[in-house]
Amino acid sequence: MERIYIGLGSNLADPAEQLRSAITALGQLPKTSLAGVSAFYQSDSLLPGQPRYTNAVAALDSSLAPIELLDALQAIENDQGRERLERWGPRTLDLDILLFGDRLIDEPRLKVPHYQIQERAFVLYPLAELAPPDLRLADGRTLPALLAACPFVGLERLP
């Protein structure tokens, strides 16, 4: 079993409910248990003119292989109506593998640690709720250093 952190995001079709449904689905994956979920946050879209996103991070303990997990996450996205029409476009659900144990993964379909983790406050702050405070990523960066370089701007922690 490895500890895996998944970023969740939605800005269509009742985003908070999309995240709750995805969390339920994550807890039902084979060879996997749901170890925790952060608070929900709202953040501005990366592209202008889109609705705000609702984001969270989930911690999983799983013995699935990375690509098996990626396939399972994409199946959950599809089940919840995800359409891949434009990069960073609005979506019912986005599930990203942020960290996969202490692995560095560089495959055509999967890069771990997530390639933009350092730029995304909407990922780092929820991750900090679940991860050990001294978390070191497989590439050597630490969560405290990433947080220090990525201010809590444009985020709203939801009750």
Within the chain, helix-based [θ] at 222 nm, where runs of 4 or more DSSP H residues each add -39,500 (n - 2.57), nearest 500: -8000 deg cm²/dmol
Additional length obtainable on full extension of the chain from Ala65 to Leu155, 0.36 nm per residue less Cα span: 29.2 nm
Once you have the Cα-Cα distance between Thr142 and Ala16, take 0.36 nm times their residue separation minus that, and quote the gain in nm to one decimal. 42.4 nm
Could you tell me how far the Cα centroid of region 90-159 sits from the Cα centroid of region 26-69, in Å? 11
What is the order of Thr32, Thr54, fewest Cβ neighbours within 10 Å to most? Thr32, Thr54
Count the net charge of all other residues whose Cβ sits under 15 Å from the Cβ of Leu137, scoring Lys and Arg as +1 and Asp and Glu as -1. -1
Using a Gaussian network model of the chain with C-alpha springs under 10 Å, which one of Gly27, Gly101, Gly140 is most mobile by mean-square fluctuation? Gly140
Got the relative contact order for the chain handy, in percent, Cα pairs under 8 Å and 6 or more residues apart? 29
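How high is the FRET efficiency from Asp79 to Ser33, r the C-beta distance, R0 22 Å, rounded to 0.05?
0.65
Throughout, read-outs are computed from the coordinates displayed, never taken from laboratory work. Predicted model, so just to flag it, every value in this text is computed and none were measured. Glycine also receives a Cβ, built like all others from the backbone with ideal geometry; neighbour counts cover every protein chain displayed.
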